[in-house]
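Read through the structure below, which is laid out as structure tokens, and then see the notes.
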Amino acid sequence: MDGFASEHLLRFGYWVIFGALAAESTLIAGLVIPGVAVLVLAGFLAGIGELSIGLVLFSAAAGVLVGDNGGYLLGRHGVTRIPRVRKILQNRSNHADSIREGIRWRYVFFQFPMPLRVALPIVAGAVSLSFRRWIVLDLLATVIFVTVVGGIGCGIGLVTGRVGQADVVSSYLNYAFAVLFIVWASVFGMKALKVWKSGR
């Protein structure tokens, strides 16, 4: 993957970074587009002087924000038009309220596990989280995510200069993010089950 991706990153530059991160943040494409790997590799290329780290981070952040806000709008104006979803939200408005109120600053790290990066914007829109509150949370989470992941790639480039190392690290990051998601999903699932049972 590293040779193919490196070639396209060097040829099309920041558009590849933008597109990969925007696509990874969307519902379907998030399952197949390796945005984290592209960002680590782009950071690596910045570390060895082939790309600008500032433009790498800017392109990645712009892509993530476009993908996230597309998900938010889908949740706000698309998912809520599905009759079954609308009925659930109306019948369980107290649950929607508790979910909306539960989306707080602890979610600034939601960008790291990919499934949560795809799901939270849709959920936030579906439970009518205010756009102002959503965009502040999303901006902060995006800056943290692209800085950490792109910075790791850049550090690998500066220290080792070996592209294979960046590929290995991006795989480990994806595994670590998957573990984070499993932990989060377990905690959230138990809380949601408790709330659901209390509302019956």
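The values are calculated or read from the model by the stated rules, or taken from the named source; none is laboratory data. As the structure is a computational prediction, the values presented were derived from the model and not from experiment. Cβ sites come from the backbone with ideal geometry, for glycine too, and all protein chains shown count toward neighbours.
Could you grab me the full set of residues in region 145-167 that are modelled with pLDDT of 80 or more and assigned to a loop (DSSP other than H, G, I, E, B)? Correct list: Thr160 only. I'd like to check something: does region 50-67 contain any residue that is buried (at least 24 other Cβ atoms within 10 Å of the Cβ), at pLDDT 90 or above, of a type in the set (Ser, Thr, Tyr) and on the phi < 0 side of the Ramachandran plot? Scanning region 50-67, I find at least one residue that is buried (at least 24 other Cβ atoms within 10 Å of the Cβ), at pLDDT 90 or above, of a type in the set (Ser, Thr, Tyr) and on the phi < 0 side of the Ramachandran plot, so the answer is yes. Within region 129-143, is there a residue that is surrounded by 15 or more Cβ atoms within 10 Å (Cβ to Cβ) and at pLDDT below 85? The answer is yes, given that some residue of region 129-143 is surrounded by 15 or more Cβ atoms within 10 Å (Cβ to Cβ) and at pLDDT below 85.
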